[in-house]
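Below is one structure; the comments refer to it alone.
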Amino acid sequence: MPALDAVFFDIDDTLFPTTAFAGRARRNAVRAMIEAGLDAPEELVLKELEEVIAEFSSNYEHHFDKLLTRLGPHATTNQSSALIVAAGVAAYHDTKFRTIAPFEDVLPLLADLKEAGVIVGIITHGLSVKQAEKLWRLGVARHLNPMAVFISDQVGISKPNPKLYQYALRALKLEPSRVMYVGDNPEHDIAPPLFLGMPAVWSSRAARRKPVDYGIEPTHVVANFGELRELLRESYDVPV
C-alpha cells in the first residue's frame, strides 16, 4: 500500500512560473500603454506599476488607473486615459491567454497520481475566480479530485494559517501523516503543513525565498517534478 492517500499542491510558482509570467505580462502592458500615448519612460512606468501592485496587492482591480494617477496628468496630456488603461489591460490579458502554461513535467505527474488512486488536490491562497481560472488554463483541473480544491478566498482562511490545511484534511477525512503538500513558499507552504504533521515538499525551481532563511526545514526538497516523481515512488511507494 502507498504511504500516501493524497498529494496537495500550491499553484503559483509551483505548478507554473507565476513570477516570471507576471513580469512578462506587466512589461507587455506597459509597452502597450506607451504605444497608446502614455508619455513616460518604460522602466519608470514598470517600476511604478510594480510599486502599485505591492502596495495595493495583486488582487486589486485598478492597478493601471492608480498607475496613471501616480505618474501625473503630464503623462497623459491630450490623450484618453481610458484608452491607455484599456491598452494595458488588453495586453496583459493577451499575454495571459497566449503564454500561460504549466512546467512541462507537471501534467504527466498529476495524471499518473490520479491513475495510481491518490487524491490530487490544491490548497492555494487568492481569489476564487482567479485561482480556479488558472487551474483550467493550465490544464490542471481535469487531473484534480473536484472535492479537493481549497482556495483561501472560498474557505475564509488565508495562508499561512494552518487552519486552511486543517480544513482540507477534515473535509476529506484524511490523516495528516498520509497527506503530502508541495509548494514554493517556506512560510506559506512548508511551515503550516509541517505544524500539522504533514510531509512538506519545497519545490525550489521558481521559489523566491529559501526555507533556511526562515529557519524552516522541509521534509523534502525537489528541483522539479521528475525528482518529485522519484521521491513519491521510492520513499512513499506511490506507483508513478
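Computed from label points 7 Å out along Cα-Cβ, the spacing between R233 and H74 is 6.3 nm.
How long are the semi-axes of the equivalent ellipsoid of the chain, defined as square roots of 5 times the Cα gyration tensor eigenvalues? Whole Å, largest first. The partial results should precede the final answer.
Details: eigenvalues 294, 59, 49 Å².
Sorted largest first and rounded, they come to 38, 17, 16 Å.
What's the extension gain from V89 to S177 if we count 0.36 nm per residue and subtract their Cα-Cα distance?
27.3 nm
Computed from Cα positions, the angle between helix 42-56 and the longest principal axis of the chain comes to roughly 50 degrees. A Förster radius of 22 Å combined with the Cβ-Cβ distance from L196 to S57 puts the calculated FRET efficiency at roughly 0.25. Note on K130 and E217: with the Förster distance fixed at 25 Å, the Cβ-Cβ geometry gives a FRET efficiency of about 0.20. Translational D (Stokes-Einstein, µm²/s) of the range 19-99 at 10 °C and 1.306 mPa s when Rh comes from the Kirkwood sum over C-alpha pairs? The diffusion coefficient I find is 128 µm²/s. In this simple spin-label approximation, T99 and K114 carry label points 7 Å from Cα along the Cα→Cβ vector, and these lie 2.8 nm apart. If only the Cβ of Lys and Arg carry +1 and only the Cβ of Asp and Glu carry -1, the dipole of the range 19-99 around its Cα centre is close to 260 debye. Against the chain, whose longest principal axis is taken from its Cα atoms, helix 162-172 shows a tilt of about 60°. Judged by the mean number of other Cβ atoms found within 10 Å, the most tightly packed of the peptides 92-103, 118-129, 180-191 leads the ranking 180-191, 118-129, 92-103.
Footprinting exposure proxy ranking of H74, H62, fewest other C-beta atoms within 10 angstrom first, gives H74, H62. Evaluated with a Cβ-only charge set (Lys, Arg +1; Asp, Glu -1), the chain carries a dipole of roughly 400 debye about its Cα centre, given to the nearest 20.
Here, each number is a calculation from the coordinates, and none is a lab measurement. On a predicted model such as this, the values are computed, not experimentally measured, just so you know. Note: ideal-geometry Cβ built from the backbone for every residue, glycine included; neighbour counts use all protein chains shown.
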